[in-house]
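Notes follow the structure.
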Amino acid sequence: MDMRTPAMFSATPARPEMSTERLPFTIRRVENEDSLKKAVAIRHAAYARHVPEFARSLALPEACDYEEDTVVLLAEHKLDGTPLGTARIRTNIHHPLHIEESVVLPEWLQGRNLGEVERLGVGEGRIGHMVKVALVKAFFEYFEKTGIEYAVIAGRAPVDRHYEQLMFTDVFGDKEMVPLRHAGNMPHRVMAFEIASGEARWTAAKHPLLKFFRHTHHPDIDVGVASPVSLQRGAQATPAAPHVPISAPLGQLAAA
């Protein structure tokens, strides 16, 4: 699909057959320090449930949360503004991806516009499952709108299976795990997803999330189309790390 065609994950209804669905939460880009604090709180809590030692390093905003290549997404409950989930998007427009501090990407990803998803975390329970799927839709939408050619992620076990269900493919060997510096040197599976062919591949596979991703307009998901917002750095931040078969139901995309 030509990247100049109408957005694959358009934030406004692009087709007559597209239905509209309201969510009990919103997903927006973080644009101020208060919202960033909410994102950091839910990020820390999500990681603390699974990797508590590493989560200690996520108690404060990270230096890269403020960088020009970064967009932090925040899901908030409509009722009271409670933070429900977050994800961070980084591109390689101005800087290499965090993954590239630990690995050399193969030739087919060199010279491409890449977007990396990291620090994905959601709350527990049924709404956490829904928030995670909505955050996935949000970052795909952002990548399509901004001309990103490949989404690149790194998932530790068993989170990597969730990306496999979304039809991400291995960048290196089959299910190969590599330690990543920006993730506490924990082994991760590096995977990629070609944005332009995504809809066609999901359609051919009759993917269970195709309707949610492609045929439903969610006004409560709004990632905008402008350049990343440069946040003013707060008083404290964690220093940057040294450079160094598709049949799963929606509910299986459990909290990271």
- Item | Residues with amide H under 5 Å from that of residue 186, placed H, sequence gap 5 or more | 180
- Taking K and R as +1 and D and E as -1, what net charge do the other residues with C-beta under 10 Å from the C-beta of residue 170 add up to? -2
- Reachable aspartates and glutamates from residue 175, Cα under 12 Å, same-chain residues fewer than 8 places away excluded? 160, 164
- Query: Quick one: Kirkwood hydrodynamic radius for the stretch 116-200, alpha-carbon pairs, angstrom, one decimal?
  - Reply: 13.6
- Karplus ³J(HN,Hα) for the stretch 200-212 (6.51 cos²θ - 1.76 cosθ + 1.60, θ = phi - 60°; Hz, whole; x = Gly/Pro) runs 4, 5, 5, 5, 4, 7, 6, 4, x, 9, 4, 4, 5
- Item | Summed residue charge, Cβ within 14 Å of residue 155's Cβ, Lys/Arg positive, Asp/Glu negative | 0
- Query: Out of residues 5 or more away from residue 116 or on other chains, whose amide H comes under 5 Å of its own, with H placed 1.01 Å from N in the peptide plane?
  - Reply: 90, 91, 152
- Task: Can you tell me the FRET efficiency between residue 222 and residue 169 if r is taken as the Cβ-Cβ distance and R0 is 41 Å, rounded to the nearest 0.05?
- Result: 0.90
- Normalised per residue, the volume inside the convex hull of the alpha-carbon atoms of the stretch 28-69 in Å³ amounts to 78
- Query: Among 93, 221, what's the order by accessible area (1.4 angstrom probe), most exposed first?
  - Reply: 93, 221
- With x for Gly and Pro, the residue-by-residue ³J(HN,Hα) of the stretch 91-104, computed from phi through the Karplus equation 6.51 cos²θ - 1.76 cosθ + 1.60 at θ = phi - 60° and given in whole Hz, is 10, 9, 4, 10, 9, x, 5, 4, 4, 6, 6, 10, 9, 9
- Provide the net charge surrounding residue 58, with neighbours chosen by a C-beta distance below 9 Å and charges set as Lys +1, Arg +1, Asp -1, Glu -1. +2
- One-quarter of the Cα convex hull surface for the stretch 46-180, in nm²? 8.9
- Message: I need the GluC sites (Glu not before Pro) found in the stretch 115-219, filtered to DSSP loop residues with at most 15 other beta carbons within 10 Å of theirs.
- Response: 124, 176
- Message: I'd like the antiparallel share, as a percent to the nearest 5, of DSSP beta bridges with both residues in the stretch 86-213.
- Response: 80
- Task: Run the numbers on the stretch 82-205 and let me know its relative contact order in percent, using alpha-carbon pairs under 8 Å that are six or more apart.
- Result: 26
- Among 220, 34, what's the order by accessible area (1.4 angstrom probe), most exposed first? 34, 220
- Note on the structure: Of 137, 211, ordered by accessible area with the largest first and a 1.4 Å probe, the sequence is 211, 137
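The values are calculated or read from the model by the stated rules, or taken from the named source; none is laboratory data. Fair warning: this is a prediction, and the values are worked out from it, not measured in the lab. Neighbour counts run over all protein chains shown; Cβ positions are idealised from the backbone, glycine included. When the accessible area is computed, the model is the full protein with side chains, heavy atoms only, and any ligands, DNA or RNA have been set aside. Shrake-Rupley method; radii C 1.70, N 1.55, O 1.52, S 1.80 Å.
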